[in-house]
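Below: one structure, written as structure tokens.
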Amino acid sequence: MKLSSLVISALLVATAPLLAGEKLEFKERLMKSAIQKAQKGDPNAQFALGEMHYLGFMGEKNYDEAIKWYEKAARQGHVKAMFNLGYIYFTGKGAKKDYKKAKHWFEKAAAEDDPKAMRYLGEIYYKGLGTDKDYNKAFFWYKKTADMGYPKAQYIVGQMYKRGLGTKKDIQKAKYYLTRSAMQSCSEAELELGKMYLSGEGVPKDPQKAKQYLQKAYKDGKREAKEYLERLED
């Protein structure tokens, strides 16, 4: 998952037709306006200023300044700023990796129903990043994200139901979440369903369905699907 800003992108597009000198002057005015509003405590301006520094709006990126303004916005309840801070500390893109700080900010954003933050919390607990592994908590956060329609989370929840990790093993629920994920072209889910229908694991054997899912998985980038397709042809 990458940091992005539709606002900054739109501003960059807007400056495209301007001459170099005009473009610089326009950016300087925008930066000055953002600073003035941010210094007066406007959380949206503080977030925008953080984005400008993080993305190098004026040409040079300044991660320390970005983090400073993200934190000011986050402390005023700006959910995107909370998520961005979590992302920076999780990935190390802008600061030294710190999973405890990442977890702190993701929890803040997740409390405001941010689905991306929930997914990262699922990963933190699933892998034990900066905390003890806890499949129950991982399942809790992944499932909240899955039920909001995120395909990768749906795939992971399907796998957790299939394996009985963090929840009671339930093949029918596994199939349900894997199918929902595959409907959104998640190649991992397509491959898993193809294998299930090929072997009859938890579902009736169905070579035709297996072939459909495996072909889709291969098309969507899962090269290992070819091995299972070759088995169908034997």
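From the list Lys93, Lys133, the one residue that fits, being assigned to a loop (DSSP other than H, G, I, E, B) and without any contact (Cβ under 8 Å) to a residue 12 or more places away in the chain, is Lys133. So is Glu123 modelled with pLDDT of 95 or more and over 30 Å from Met196 (Cα atoms) or not? Answer is no for this residue.
Considering segment 213-225, and only residues there that are in contact (Cβ under 8 Å) with a residue 12 or more places away in the chain and not in a loop (DSSP other than H, G, I, E, B), the residue that is surrounded by the fewest Cβ atoms within 10 Å (Cβ to Cβ) turns out to be Gln215. If you go through segment 180-211 and keep only what is surrounded by fewer than 16 Cβ atoms within 10 Å (Cβ to Cβ), in contact (Cβ under 8 Å) with a residue 12 or more places away in the chain and among the polar types (S, T, N, Q), you end up with Gln184, Ser185. For the subset of segment 161-177 comprising residues that are closer than 15 Å to Tyr126 by Cβ and hydroxyl-bearing (Ser, Thr, Tyr), which member is surrounded by the fewest Cβ atoms within 10 Å (Cβ to Cβ)? Top of the filtered list is Thr167.
The values are calculated or read from the model by the stated rules, or taken from the named source; none is laboratory data. No experiment lies behind these values; they were computed from the predicted model shown. Using ideal geometry, Cβ is built from the backbone for each residue, glycine included, and neighbour counts are taken over all protein chains shown.
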